[in-house]
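Visitor: Pasting a structure below so you can have a look.
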Amino acid sequence: QVRLVESGGGLVQPGGSLRLSCAASGIIFSTTRMNWYRQTPGKQREYVAGVGSDARTYYSASVKGRFTISRDNTKRMVYLEMNNVNPDDTAVYYCHATGQDYWGQGTQVTVSS
């Protein structure tokens, strides 16, 4: 049974940093591409970043150069380092395993002064 638990969200000032974490279970983690998505009320879920089993990384244009995705296969964890955040980054952030029809509860990130 797939389970993804996000954590690390909170309130951060514009220009600040935040690190999100995702604990994964119920999947063959080391061979699964892992992703981060985000969603704001009234909008569709938006792709943010992904990291392949080979550690190759992918980013949306809106976060490239500011966010860094990484993974630790031994701990079955995925991370999203968010730097130089701005109010447009405010959203609920979700971890997702490629090929799985499962979404966790997400973690709220609010960027505000």
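Visitor: Which of rounded, prolate, oblate describes the range 33-105, given a ≥ b ≥ c as roots of the alpha-carbon gyration tensor eigenvalues and a/c under 1.5 marking rounded, otherwise prolate only if a/b is larger than b/c? Walk me through the numbers on the way to the answer.
Guide: Numbers: a/c = 1.91, a/b = 1.26, b/c = 1.51.
It is oblate, given that a/c is not under 1.5 and a/b is not larger than b/c.
Visitor: Can you give the % of DSSP beta bridges in the chain that are antiparallel, to the nearest 5? Write down the numbers at each step before the final one.
Guide: Working: 34 of 37 bridges.
The answer is about 90 percent antiparallel.
Visitor: Using the heavy atoms of the protein chains alone and a 1.4 angstrom probe, what is the accessible area of the range 1-77 per residue in square angstrom?
Guide: Each residue of the range 1-77 exposes 57 Å² on average to a 1.4 Å probe.
Visitor: Continuing with this model, one more query. Looking only at the range 13-37, which residues have a backbone nitrogen under 15 Å from a spot 7 Å from the Cα of K75 in the C-beta direction?
Guide: 19-25
Visitor: While we're looking at this one, here's another question. Could you compute the net charge surrounding L18? Neighbours are other residues with a C-beta less than 10 Å from the C-beta of L18; K and R count +1, D and E count -1.
Guide: Working: positive: R19; negative: E81, D89.
Around L18, the charge tally is -1.
Visitor: Determine the share of the range 1-112's accessible area contributed by carbon and sulfur atoms, expressed in whole percent, with a 1.4 angstrom probe. Don't skip to the answer; put the middle values down first.
Guide: Details: 2740 of 5850 Å².
Ligands and nucleic acids excluded, carbon and sulfur give 47 percent.
Visitor: Where nothing but the Cβ of Lys and Arg (+1) and of Asp and Glu (-1) is charged, how large is the charge dipole of the chain around its Cα centre, in debye to the nearest 20?
Guide: Roughly 140 debye, rounded to the nearest 20.
The values are calculated or read from the model by the stated rules, or taken from the named source; none is laboratory data. On a predicted model such as this, the values are computed, not experimentally measured, just so you know. Cβ coordinates were reconstructed from backbone atoms using ideal geometry, including for glycine residues, and neighbour counts include every protein chain displayed. The area values use the complete protein model at the heavy-atom level, side chains included, leaving out ligands, DNA and RNA. Shrake-Rupley method; radii C 1.70, N 1.55, O 1.52, S 1.80 Å.
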